[in-house]
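J.: Below you'll find the structure I mean.
The values are calculated or read from the model by the stated rules, or taken from the named source; none is laboratory data. The structure displayed is predicted, hence computed values, not measured ones. All Cβ positions, even for glycine, are placed from backbone atoms using ideal geometry, and neighbour counts span all protein chains on display. These accessible areas exclude ligands, DNA and RNA; they are computed on the full protein's heavy atoms, side chains included. Shrake-Rupley method; radii C 1.70, N 1.55, O 1.52, S 1.80 Å.
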Amino acid sequence: MAGSFREFKYGWPVVFASMIGIGLGMSPLPFYTLIVFSKELVVAFNWERSTVTLGLAVFTISAFFAAPLIGRLTDLLGVRRVVLTSIVTFSFAMMAFALNNGSTTLYFFLWGLLAFAGAGTLPITFTRAVNGWFIERRGLALGIALLTTGIFGGLAIRYAGFITAQYDWQTAYVAVGLLPLLISFPIAFFLLRSVDDPAVADKAAKHVAESPERAANVTANGMPFKQAMLDWRFWLLAYVFVPVSFSVGGPIPNIAFILEGKNFATADALLLASFIGYAVLVGRLVGGYLIDRLWAPGVAFVLMSMPVFTLIILTSAEPTMLQATIAVLLLGLAAGIEYDLMAFLVSKYFGIRNYGAIYGALYGFFALGAGLSPWAYNKAYEAHGSYDTVLTWAIWVLLAGVVPILLLGRYRHFKGTEIVAPPESADASRQPVQ
């Protein structure tokens, strides 16, 4: 326990800056606020639901290319430069949605622009900094750093809804876009420093002195990017995150529509939708705590299988308020483990040396599933008049995606770019034999 307190003693500024930066970044804000904005855009421009969520598909395809690029830039230029620049560009790109005049061309262009402008605010950058400061309690630190995607996601739904009700959706887009610029930027400017940043060399040296196991520079250890691209574990994870993010990500921006289709009042549907963000918070903390102590792929299998029950409940004819609440909470719990799990697994199976590029490449596959699924859900709605068919298919897609994660095997240990035997102090009992 003392070791874990030592790590937080030195690493808390980075964790805090990451909490705010990720929570007000590209991962939650566009995704969660679309729950509010989609209804407004359907009414304002007489668009189909699938047209609105097709923007997420454009966003996803753009992120597929932007994420590896920003990851590589992070490895080369450092976390701080990439994050500070991207916060500014992301804020202005988010506010630019207020210029939407009903042109679908402009709408889709803005989604593509947002992906490239805001990619540096994704967990790719911040988690690299967190990983450098933490070893023993890395899972918990990542969970804490990422928990604001749930908190701020839930709050963003209500914030956007309030501004829209008081003014209009254009003003709400500006109000949401200002948040990173006014809050995230100054906090990151003062607190976000990687362990290898010369500005914190003295603190990093004290950290190593108090924790002898950190004597090796963890940022120098890990698999070369090209070698990772040829590794079967990379492609296994790439496969896993597509169907999992498709099944979990599809219902989230459509949850209000899904619940209204089950005879819930709009106010109740939006209230339940906001619960997703708070469940994500619990998922972050519980998941982070567990993956520090248990084999992470096993934890992932259990937690990411939970939305099967969500999908079953949402396909029933008339779920009760209690059943709908359970469905939403289970969905949020699973969504809460995804990002920190990806960050943790990349660090454990590929190391830190090229963490940004590898995480970015995997995030691209995750984004494909999460971004295309809302559009696919709404196309299915337009074809069948309800979401039940696609929700039923999602059950089997989720199971097909989550089971293979159990094949990952033991964690790896690196010295430089070489894979070496684990140190004698490593807890091999929680790692199944390959």
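J.: Can you say whether Ser386 is at pLDDT below 80 and among the small types (Gly, Ala, Ser), as far as the supplied structure shows?
T.: no
J.: Now, a different point. Of the residues Phe116, Phe37, which is aromatic (Phe, Trp, Tyr) and touching a Ser or Thr at 6+ places or on another chain (Cβ under 7 Å)?
T.: The unique qualifying residue is Phe116.
J.: Could we say that Ala156 is more than 14 Å from Leu341 (Cβ to Cβ), among the hydrophobic types (A, V, I, L, M, F, W, C) and in contact with a Phe, Trp or Tyr (Cβ under 7 Å, 6 or more places away or on another chain) here?
T.: Working: more than 14 Å from Leu341 (Cβ to Cβ): yes; among the hydrophobic types (A, V, I, L, M, F, W, C): yes; in contact with a Phe, Trp or Tyr (Cβ under 7 Å, 6 or more places away or on another chain): yes.
The answer is yes for Ala156.
J.: Please state which of the following conditions Thr127 fails to meet, knowing it meets all the rest: (1) open to solvent by 10 Å² or more (accessible area, probe 1.4 Å); (2) under 20 Å from the mean Cα position of the chain (by Cα); (3) among the β-branched types (Val, Ile, Thr).
T.: (1)
Here's the yes/no breakdown for (1) closer than 30 Å to Arg412 by Cα; (2) more than 18 Å from the chain's Cα centre (by Cα):
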position: Leu271; (1), (2): no, yes
position: Val286; (1), (2): yes, no
position: Tyr289; (1), (2): yes, no
position: Gly298; (1), (2): yes, yes
position: Val302; (1), (2): yes, yes
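J.: Read through the list (1) under 24 Å from Val397 (Cβ atoms); (2) free of Cβ contacts under 8 Å to residues at least 40 places away in the same chain, then give the number of the only condition that Ala265 fails.
T.: Only one criterion is unmet by Ala265, namely (1).
Here's the yes/no breakdown for (1) touching a helix residue (DSSP H, G or I) at 6+ places or on another chain (Cβ under 9 Å); (2) without any contact (Cβ under 8 Å) to a residue 12 or more places away in the chain; (3) closer than 25 Å to Pro297 by Cα:
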position: Ala370; (1), (2), (3): yes, no, yes
position: Tyr377; (1), (2), (3): yes, no, no
position: His384; (1), (2), (3): yes, yes, no
position: Thr389; (1), (2), (3): yes, yes, no
position: Leu399; (1), (2), (3): yes, no, yes
position: Pro404; (1), (2), (3): yes, no, yes
position: Lys415; (1), (2), (3): no, no, yes
position: Glu418; (1), (2), (3): no, yes, yes
position: Ala421; (1), (2), (3): no, yes, yes
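J.: Output the residues belonging to segment 391-416 that are assigned to a loop (DSSP other than H, G, I, E, B) and out of contact with any strand residue (DSSP E or B) (no Cβ under 7 Å at 6 or more places or on another chain).
T.: Within segment 391-416, Leu408, Gly409, Arg410, Tyr411, Gly416 meet the criteria.
J.: Sticking with this one: Only one of (1) open to solvent by 20 Å² or more (accessible area, probe 1.4 Å); (2) aliphatic (A, V, I, L, M); (3) over 17 Å from Pro30 (Cα atoms); (4) within 22 Å of the chain's Cα centre (by Cα) is not met by Ala165, so which one is it?
T.: All conditions are met except number (4).
J.: Within segment 291-326, count every residue that is of a type outside the set (Val, Ile, Thr) and without any contact (Cβ under 8 Å) to a residue 60 or more places away in the chain.
T.: The qualifying residues number 10.
J.: For segment 234-248, name all the residues that are open to solvent by 10 Å² or more (accessible area, probe 1.4 Å) and touching a residue at least 24 places away in the same chain (Cβ under 8 Å). Step through it out loud before you land on a result.
T.: Of all residues in segment 234-248, those open to solvent by 10 Å² or more (accessible area, probe 1.4 Å) come to 235-236, 239, 242-243, 246.
Hits for segment 234-248 are Leu236, Tyr239, Val242, Pro243, Phe246.
J.: Okay, moving on. Looking at Gly102, Gly112, Gly143, Gly120, which is the one that is in contact (Cβ under 8 Å) with a residue 40 or more places away in the chain, touching an Asp or Glu at 6+ places or on another chain (Cβ under 7 Å) and small (Gly, Ala, Ser)?
T.: Answer to the selection: Gly143.
J.: Given the conditions (1) touching a helix residue (DSSP H, G or I) at 6+ places or on another chain (Cβ under 6 Å); (2) in contact (Cβ under 8 Å) with a residue 24 or more places away in the chain, which single one is not true for Asp197?
T.: (1)
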